[in-house]
Amino acid sequence: MQLLGQSITRNSALLALFALCTALLIGGTWLATRDTIALEQRHAEEQALLDIVPRERHDNRMLDDTRTLQPGGNNLGLREARPLYIARQSGDAVAVIVPVVARDGYSGDIELIVGVNADGTIAGVRAVKHRETPGLGDKVDLRKSQWILDFNGKSLTNPPPVQWGVRKDGGAFDQFTGATITPRAVVAAVQRALQFVQREHASLFGKPDATQKEPTA
């Protein structure tokens, strides 16, 4: 019985030592790689912004020039605080990238970013998160279809307000074969983003506060 007790004690100690070594190894690996992972995530986020507002159009770091938008009160459908990114050239805002959520997608929320130029035209739209049906609603994703590019150059007056919808509803935008709910939701969300920028145009595209340090390129 005494030998059995000693064996159990020894095995328990070895198991505890193994668990401690494993925890230290995992913790060490995380500490060694967290900066690299964070840097890669930052590069991925920046590339998504540069797809909409290319580097040649601005000289600041959009990731460092943001405003925080809170959910509620702005008609953007946000469920949590999200950043709005500002692109500047020589200190002047030339475009903003606005987050907006289409809550009425076929399979739930469709999270978008909408780039809007200072003249009110669309610089680009990208779906950043969705759960739409593969082969149908997922055509909002640029990797699946070029449909999202049809928004480029559009504005609140082009097409006219009554045509900001899918063709099935008398609008100017194509729907997907066999899927109308998803494009209808995205078109409405993009229009809401444009309306937000129109309402906030003076504050978004006004001169930056001279007392604040400008982000560097």
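Here are the numbers:
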| read-out | value |
| --- | --- |
| Cross-chain or 6+ apart pairs with Cβ under 6 Å, segment 177-206 first and closer than 16 Å to N152 by Cα, then in a helix (DSSP H, G or I) | V186/V140; V190/F151 |
| Hey, V166 open to solvent by less than 60 Å² (accessible area, probe 1.4 Å), touching a residue at least 60 places away in the same chain (Cβ under 8 Å) and β-branched (V, I, T) or not | no |
| Check on V94, of a type outside the set (S, T, Y) and touching a residue at least 60 places away in the same chain (Cβ under 8 Å) | no |
| Considering residues of segment 91-103 that are under 15 Å from D119 (Cβ atoms) and either modelled with pLDDT under 95 or of a type outside the set (G, A, S) (or both) only, the residue least open to solvent (accessible area, probe 1.4 Å) | V96 |
| Any hit, segment 107-120, residues being touching a Ser or Thr at 6+ places or on another chain (Cβ under 7 Å) and open to solvent by 10 Å² or more (accessible area, probe 1.4 Å) | yes |
| All positions within segment 145-162 that are in a loop (DSSP other than H, G, I, E, B), open to solvent by less than 50 Å² (accessible area, probe 1.4 Å) and at negative phi | S145, L156, P159 |
| Residue that is of a type outside the set (A, V, I, L, M) and either at pLDDT 95 or above or touching a helix residue (DSSP H, G or I) at 6+ places or on another chain (Cβ under 8 Å) (or both), where the choices are D209, D174 | D174 |
| Search result, residues across segment 69-93 that are closer than 20 Å to G206 by Cβ and in a loop (DSSP other than H, G, I, E, B) | N74, S90, G91 |
| Within segment 167-208, tally of residues that are over 23 Å from N117 (Cα atoms), of a type in the set (A, V, I, L, M, F, W, C) and either touching a Leu at 6+ places or on another chain (Cβ under 8 Å) or outside any helix (DSSP H, G or I) (or both) | 2 |
| All positions within segment 59-90 that are open to solvent by less than 40 Å² (accessible area, probe 1.4 Å) and among the basic types (K, R) | R88 |
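The values are calculated or read from the model by the stated rules, or taken from the named source; none is laboratory data. Keep in mind that what you see is a predicted model, and the values were worked out from it rather than measured. Cβ coordinates were reconstructed from backbone atoms using ideal geometry, including for glycine residues, and neighbour counts include every protein chain displayed. Please note that ligands, DNA and RNA were not included when accessible areas were found on the heavy atoms of the full protein model with its side chains. Shrake-Rupley method; radii C 1.70, N 1.55, O 1.52, S 1.80 Å.
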